[in-house]
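Here the structure comes first, spelled out in structure tokens, and everything after it is commentary.
Every number here is computed from the coordinates shown, using simple stated rules; none is lab data. In this text the structure is predicted, and so the values were computed from the model without any measurement. Because the Cβ atoms are built from the backbone with ideal geometry, glycine has one as well, and the counts that use them run over all protein chains shown.
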Amino acid sequence: MALELILIAALLSAVSGIPSALAGAASRRGQQVSAILGIAASVAGIAAAVQVLGSSGAVERTYLWNLPGGIVRLRADALSAGFLLSIHVISALATVYGLEYWPQAAHPANGRKLRLSWGLMTGAMTLLVVASNAILFLVAWEVMALAGFFLVTTESHKEDVREAGWVYFVATHASSLALFAFFALYRVASGSFDLRPLDEMAAGPATANVLFLLALVGFGIKAGIFPFHVWLPSAHANSPSHVSAMLSGVLIKLGVYGVMRACWLLPVPPLWWGVLLTVLGACSGVYGVVFAIGQHDLKRLLAYHSIENIGIIFLGLGLAVFGQACHEPAWVALGIAGAMLHVWNHGLFKSLLFLGAGSVLHATGTREIDHLGGLAKRMPWTSGLFMVGAAAICGLPPLNGFISELLIYVGYFRVVIAPNFTGWSLGALAIPALGLIGGLAVACFVKVHGAVFLGEARKEFEHPPHEAGLRMLGPMGALAALCFAIGLLPVLAAPGLEAIGAAWASRTAGETLLLGTLAPLELLSMVGPSLLLVALVLFALLAYKGRAAWRAPVPTWGCGYAAPSARMQYTASSFGQMLVGLYRWLLIPRAKPPHVTGLFPASSAFHSEQPDVVLDRAVHPTMKAAAHSVMPLRMFQHGRVQFYALYILLTLLALLAVVST
């Protein structure tokens, strides 16, 4: 029954955009019908995921088809269910949010395209996690990639959106090329397109290593792991905010799913696989959070935090792979549970943050942090919910980010203290990296929340900012509640995580360990709610006793100025200046300082930006140099069909000559 529900979810998702597309460009009814179909699909998908997680073993179905490969093979196990749950929880809430944030009547030029692409992408992702045949997997992958392109370029009339879309398009097809190579080599090694674990006799060490590296590149590009993240910041920043929530909360996790599934398919890994995943995770985490600190665009800042959190997930996955290589079931259990829980957690709090950023953009019309300020007075619900997401992404208790990072911490501490084991240096790398990531994330979100919501407005807007409506605040509140639920009662997530760990590590036939014996989840589930209750009671008492004093008007100290203005506040740039300077060697910022001369200097301005080291300083210059170097070849492109036919003939003759030798 679970697979049938999954197919229903995929089908309903895929067709959910059709009513909106067939209705008028400004039709409200078509948008509502599309939303109902999408939510119904998510209900079916969530029900199927819960059913698979609660059962033992996997469910399989086989269907005939006429495409190469012969059959459609579907397989739903606990790993598939874990990602399916994340897909449909985020999709349902973001769909509701989009009814108010991106109404069809206000966006007649692109509303239908958005909803049609949204449904196709969600349906493709649903099918992708249960595809147990390489051809079906690649078909679903391409549909997901192309639908994502049309979502990223929703506002294609804007130049920066088109540029972001083409960077995404090139990156996603580079990913597809690597996956074509992966599945072709897998077919040679296994003799079939069916995705079943390879044994060591079928794939020798050299073949297994090449397969692993191809999977890491192909899926790593989609996941946005450093240094394959080049498409991610601009795509997330320039998409509609609920699309950004889906891209960050769900789409990039399909890259993580691909790496996890590839490790499940391949033989028992060597040590260096786990080391490489850990190093990439540490570099990605630090790189992402450092670049986030230097950003002025609110959504671009959140996009770099996606790179950071993908790094944390890879740290957990690296621990699990390392544990498999060392035959340490405790490391495997903690690593895969920490990685999978962080997949869920990041989907929740990052979607909450992007939806909060969307509310700010919806109310003010700008993503520029240095133009904002004082929004907590006008948007108190958005401010409070954004703060919940900010605390969660920083890994602060009692929220969910703390739990998943704790599992990874405990796992690497076990590596460090393992007797007679030389791999302690792996833990010595991962643990400080996690600590550094957490500390810098706190600094970054203190900057963001303070600059956006506190103080006074730095700019006068044409229309006063206003609080979001219920259809936007409702999904944000649900996400915040889920962040608290996992943080306060992590024991509720333990059975599902144990099932996922057992399914992922099933090929090694290792011992299945309970998370409760490895990490203090039950203790946290008792202490967390108790401490929160005590804090709420104390706050209520203080509020009751101090209500009279709070009502008394008290003048604000003006630092000696008779008339303080918003210009005297710290900006986001000035707040992060010290950290940007500390990591100047990595950020390599561009700055234009003010020109101040004389006793009465003229007006001047300060400007700074942090171009991406990989995209702007490596990829773009390389592509421009390559384009310049092949310009002489344009002489052969002159529009004459006869010459093109001659080129084809000469190419065929050259190929025949090569084959015949």
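Using the beta-carbon distance between Leu582 and Phe413 and R0 = 22 Å, what value does 1/(1 + (r/R0)^6) give for FRET efficiency, to the nearest 0.05?
Details: r = 27 Å, r/R0 = 1.25.
Working from the Cβ atoms, E equals 0.20.
Gain in length, Glu456 to Glu609, computed as 0.36 nm per residue apart minus the alpha-carbon separation, to one decimal in nm? Before the final figure, lay out the partial values.
Numbers: separation 153, 0.36 × 153 = 55.08 nm, distance 2.39 nm.
Result for the pair: 52.7 nm of gain on full extension.
Using only alpha carbon pairs under 8 Å that are at least six residues apart, calculate the relative contact order of the range 265-386 and give it in whole percent.
Result for the range 265-386 is 25 percent.
Just to check I understand the Karplus step: with θ = phi - 60° and J = 6.51 cos²θ - 1.76 cosθ + 1.60, what whole-Hz values come out for the range 262-279, glycine and proline as x?
Each residue's phi maps through the Karplus curve to give 5, 5, 6, 6, 7, x, 3, x, x, 4, 5, 4, x, 4, 4, 4, 5, 5 Hz.
For Ile252, Ile500, what ranking results if the residue with the fewest other Cβ atoms within 10 Å of its Cβ goes first?
Ile500, Ile252
Say R0 is 51 Å: what FRET efficiency, to the nearest 0.05, do Val658 and Leu470 get from their beta-carbon distance?
So, using R0 = 51 Å, E works out to roughly 0.15.
Which distance in nm do the two modelled labels at Val641 and Ala106 give, with both placed 7 Å along the Cα-to-Cβ direction?
5.1 nm
Please compare each pair in Lys158/Lys299; Lys299/Lys447; Lys158/Lys447 to a cut-off of 21 Å on the Cα-Cα distance and tell me which ones are over it. Write down the numbers at each step before the final one.
On the way: Lys158/Lys299 17 Å; Lys299/Lys447 14 Å; Lys158/Lys447 29 Å.
Where the Cα-Cα span goes over 21 Å, the pairs concerned are Lys158/Lys447.
If you average the C-alpha positions of the range 23-38 and of the range 99-120 separately, how far apart do those two centres end up, in angstrom?
9 Å
What's the ranking of 225-233, 623-631, 7-15 by average number of surrounding C-beta atoms within 10 Å, highest first?
Most protected by this proxy first, the peptides run 225-233, 7-15, 623-631.
Tell me the mean residue ellipticity at 222 nm calculated for the chain from its helices only (DSSP H runs of n ≥ 4, each -39500 (n - 2.57), averaged over every residue, nearest 500).
Value at 222 nm, helices only: -22500 deg cm²/dmol.
For Kirkwood radius over Cα pairs in Å, the choices are (i) 28.1; (ii) 24.7; (iii) 26.3; which was calculated from the structure?
(iii)
For the range 30-116, just say rounded, prolate or oblate: build the C-alpha gyration tensor, square-root its eigenvalues into a ≥ b ≥ c, call rounded for a/c under 1.5, and beyond that prolate if a/b exceeds b/c, oblate if not.
Here the range 30-116 falls in the oblate category.
Taking the Cα centroid of the range 591-661 and of the range 469-500, what is the distance between the two, rounded to the nearest whole Å?
46 Å
For Val596 and Arg61 in one chain, what is 0.36 nm times their gap in residues minus the Cα-Cα distance, to one decimal in nm? Let's see the in-between values first.
Values: separation 535, 0.36 × 535 = 192.60 nm, distance 7.27 nm.
Once the chain is fully extended between Val596 and Arg61, it gains 185.3 nm.
Say each of Ala618 and Val534 gets a label point 7 Å from the Cα, pointing the same way as Cα to Cβ; how far apart are those two points in nm?
4.9 nm
By a straight-distance test (C-alpha under 17 Å), which lysines pair with Lys459 as possible cross-link partners, with residues fewer than eight away in the same chain excluded?
Leaving aside lysines fewer than 8 places away in the same chain, those within reach of Lys459 are Lys377.
By per-residue mean of other Cβ atoms within 10 Å, what is the highest-first order of 164-177, 387-400? Spell out each step's value before the answer.
Values: 164-177: 19.0, 387-400: 23.4.
The packing order, highest mean first, is 387-400, 164-177.
Taking 30 Å as R0, compute the FRET efficiency from the Cβ-Cβ separation of Leu523 and Tyr544 and round it to 0.05.
On the way: r = 32 Å, r/R0 = 1.06.
E(calc), rounded to 0.05, equals 0.40.
Averaging sequence separations of C-alpha pairs under 8 Å and six or more residues apart, then dividing by the length of the chain, give the relative contact order as a whole percent.
Answer for the chain is 12 percent.
At a 10 Å Cβ-Cβ cut-off, how would you order Asp77, Asp199, fewest neighbours first?
Ordered by Cβ neighbours within 10 Å, fewest first: Asp199, Asp77.
Taking 0.36 nm per intervening residue step and subtracting the Cα-Cα distance, what contour gain separates Ala428 from Phe180 on full extension?
Working: separation 248, 0.36 × 248 = 89.28 nm, distance 3.66 nm.
Working it through step by step, the gained length comes to 85.6 nm.
Select from the range 468-540 those GluC sites (Glu not before Pro) which occupy a DSSP coil region and have at most 15 other Cβ atoms within 10 Å, ordered by residue number.
Glu511
Neighbour counts of other C-beta atoms within 10 Å: give me Arg196, Arg75, Arg378, Arg640 arranged from fewest to most.
Ordered by Cβ neighbours within 10 Å, fewest first: Arg640, Arg196, Arg378, Arg75.
Provide the packing ranking of 430-439, 22-31, i.e. peptides ordered by the mean count of other C-beta atoms within 10 Å per residue, highest first. Numbers along the way, then the final one.
Values: 430-439: 19.3, 22-31: 16.8.
With the highest mean Cβ count within 10 Å placed first, the list reads 430-439, 22-31.
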